[in-house]
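Below is one structure, written out as structure tokens; comments come after it.
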Amino acid sequence: MAKMWAGVTAGQTEKIADDFNSSIHFDSRMYKQDILGSMAHAAMLGKQGIILNSEAETLISGLADILDDIENDKLQFDMDCEDIHMFIEQELTNRLGDIGKKLHTARSRNDQVALDIRMYLRDETDTIIDYIRKLIASVTDKAEEYKDSIMPGYTHLQRAQPITFGHHLMAYAMMLLRDVDRFLDMRRRMNLSPIGSCALAGTTYETDREFEAEKLGFDGICKNSIDGVSDRDFVVEMLSCMAILMMHLSRFSEEIILWSSWEFKFVELLDSFTTGSSIMPQKKNPDMAELVRGKTGRVYGDLMALLTTLKGLPLAYNKDMQEDKEAIFDACDTVKMCLAVFEPMIKTMKANTVNMKKAAQKGFINATDLADYLVKKGLPFRSAYKISGQLVAKCIKEDKVLENLTLSEYKEFSELFEEDLYKEIDLLTCVEKRISKGGTGIKSVEEQINYVKQKNN
Ligand code: ARG
């Protein structure tokens, strides 16, 4: 059959070329946005007198019927159509005859596809933000539950200073809060309407682009028609937001995987969020966390794919741009799936506070506090640091911990040590003393929790 766009050519293409060219098998998911966009376009054409009002009404109700039929499984996509835009227009024309052919006045598939993808991704952005917010709430609840559970804080994956599990979890809540902010910021730039840019140069018809934009919930219009049809920055930006979000989830996953190991045993995931091994009966594997970590690579790949596709494209529309969809759809599906499984996994995760505490008691993570003790007694920090280091070396040699050296042993290193040093190096004291803003002190963590709760509303 000749193509709808048959013009200078007869519109006859090889089957292999058709298959290669067509995008309906992945862009059909934008059917709703395509139809809503067309309804607004028909309304604008009617209002401006470009078509008759009665024709606009016929088009709009025809489009509404198609939407209904698709949603009620009464109409299947025709996979022989090149893309979703052609399918809807063809179906409309089949149903309405010549009036259907009027819909495509004063627009082009170039601005139509740019419109559809913006509308589609706007919805996806909102869904993803909802998911992140839900995860933030669960992470924050967990942090509240464990705000006084002491664990070692690490740098270089070496035990560094005592912190609370609540404090550690709140670090992730902060990252996720920034993710929400990043998506919202990106959404602002995405939410401008390209429709009316037409093929690239605008149109001779007296259109009302603002009317269409407003009808479709946009904040304004793309101000340059060439940019309107060429711009895919918002897709790249959204992919970047998703890549950063996945980077956060991947770091979190990595810690959950480590913490679940026998070497750490800091957390226990609910059985239903783990898997067993087909051969080793003792195994309880954190597959969900591993997959989130693994799928991060996939989302990065989607971002790199689109950046590379767009690099070097001349203005305005090029068919290369059709490649944006599979990348962004894959990333959206992946991110939503990851968030959907990650949130209940965190919500049901239990901390092994005994093991955390035990680990905190090893590794001399109160050595800084010991040095600070001497500083408060008048010693310069560098000298205090040295003495504390020497005491740690002694402990390592004698297989002891700082808490069980005697006062006379301490006094061999400095006369400034008194009985009150033991209170100072007690892990709970170490945590409670860290009252600086953002620190691990319980009050400070409570402040962080309140801040996030208020921002996440
Ligand atoms: N399926 C195309 C895409 O996704 C729609 C736009 C086609 N425009 C054109 N002039 N061939 O990019």
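The values are calculated or read from the model by the stated rules, or taken from the named source; none is laboratory data. The structure presented is a predicted model; accordingly, all values stated were derived computationally and were not measured. Glycine also receives a Cβ, built like all others from the backbone with ideal geometry; neighbour counts cover every protein chain displayed.
Restricting the search to helices (runs of 4 or more DSSP H) fully inside segment 399-451 and requiring at least 2 residues that are touching a residue at least 40 places away in the same chain (Cβ under 8 Å) gives 421-425, 427-432.
Within segment 120-133, is even one residue crowded, with 21+ Cβ neighbours inside 10 Å, within 16 Å of the ligand (Cβ to nearest atom) and under 16 Å from the mean Cα position of the chain (by Cα)? So far as segment 120-133 goes, yes, one or more of its residues are crowded, with 21+ Cβ neighbours inside 10 Å, within 16 Å of the ligand (Cβ to nearest atom) and under 16 Å from the mean Cα position of the chain (by Cα). When you look at C241, is it more than 16 Å from the ligand (Cβ to nearest atom), in contact with a helix residue (DSSP H, G or I) (Cβ under 7 Å, 6 or more places away or on another chain) and modelled with pLDDT of 95 or more, yes or no? Against the criterion (more than 16 Å from the ligand (Cβ to nearest atom), in contact with a helix residue (DSSP H, G or I) (Cβ under 7 Å, 6 or more places away or on another chain) and modelled with pLDDT of 95 or more), C241 qualifies. Of the helices (runs of 4 or more DSSP H) lying entirely inside segment 10-105, those containing at least 1 residues that are farther than 16 Å from K215 by Cβ and either at pLDDT below 95 or more than 16 Å from the ligand (Cβ to nearest atom) (or both) are 15-21, 53-71, 84-96.
Pairs linking a residue in segment 84-106 that is touching a residue at least 24 places away in the same chain (Cβ under 8 Å) and farther than 18 Å from S28 by Cβ to a residue that is part of a loop (DSSP other than H, G, I, E, B) and away from the ligand (no atom under 16 Å from the Cβ), with Cβ atoms under 7 Å and 6 or more positions apart or on different chains, are K102/I51; T105/I50; T105/I51; T105/Y205; A106/I50; A106/Y205; A106/T207. Per the listing G389, G312, the residue uniquely without any contact (Cβ under 8 Å) to a residue 40 or more places away in the chain, over 17 Å from L427 (Cα atoms) and outside any helix (DSSP H, G or I) is G312.
Of the candidates F20, F77, the single residue that is surrounded by fewer than 21 Cβ atoms within 10 Å (Cβ to Cβ) and free of Cβ contacts under 8 Å to residues at least 24 places away in the same chain is F20.
Of the set (1) surrounded by 19 or more Cβ atoms within 10 Å (Cβ to Cβ); (2) within 20 Å of M321 (Cβ to Cβ), all apply to G46 but (2). Against the numbered list (1) away from the ligand (no atom under 16 Å from the Cβ); (2) of a type in the set (F, W, Y); (3) under 30 Å from N110 (Cβ atoms); (4) part of a loop (DSSP other than H, G, I, E, B), Y317 comes up short only at (1). I'm trying to understand the selection: among the residues of segment 312-345, which are more than 29 Å from Y131 (Cα to Cα) and either buried (at least 18 other Cβ atoms within 10 Å of the Cβ) or among the small types (G, A, S) (or both)? G312, A316, Y317, listed by residue number. Scanning segment 107-125 turns up at least one residue that is in contact (Cβ under 8 Å) with a residue 12 or more places away in the chain, assigned to a loop (DSSP other than H, G, I, E, B) and small (G, A, S).
Taking segment 182-293 and the helices (runs of 4 or more DSSP H) fully enclosed by it, the elements with 3 or more residues that are farther than 29 Å from L307 by Cα are at 209-215, 233-260. Scanning segment 150-181 for residues that are of a type in the set (F, W, Y) and crowded, with 19+ Cβ neighbours inside 10 Å yields a count of 2.
From the residues in segment 320-339 that are within 16 Å of the ligand (Cβ to nearest atom) and without any contact (Cβ under 8 Å) to a residue 40 or more places away in the chain, which one is farthest from the chain's Cα centre (by Cα)? Among those residues, the one meeting the criterion is D320.
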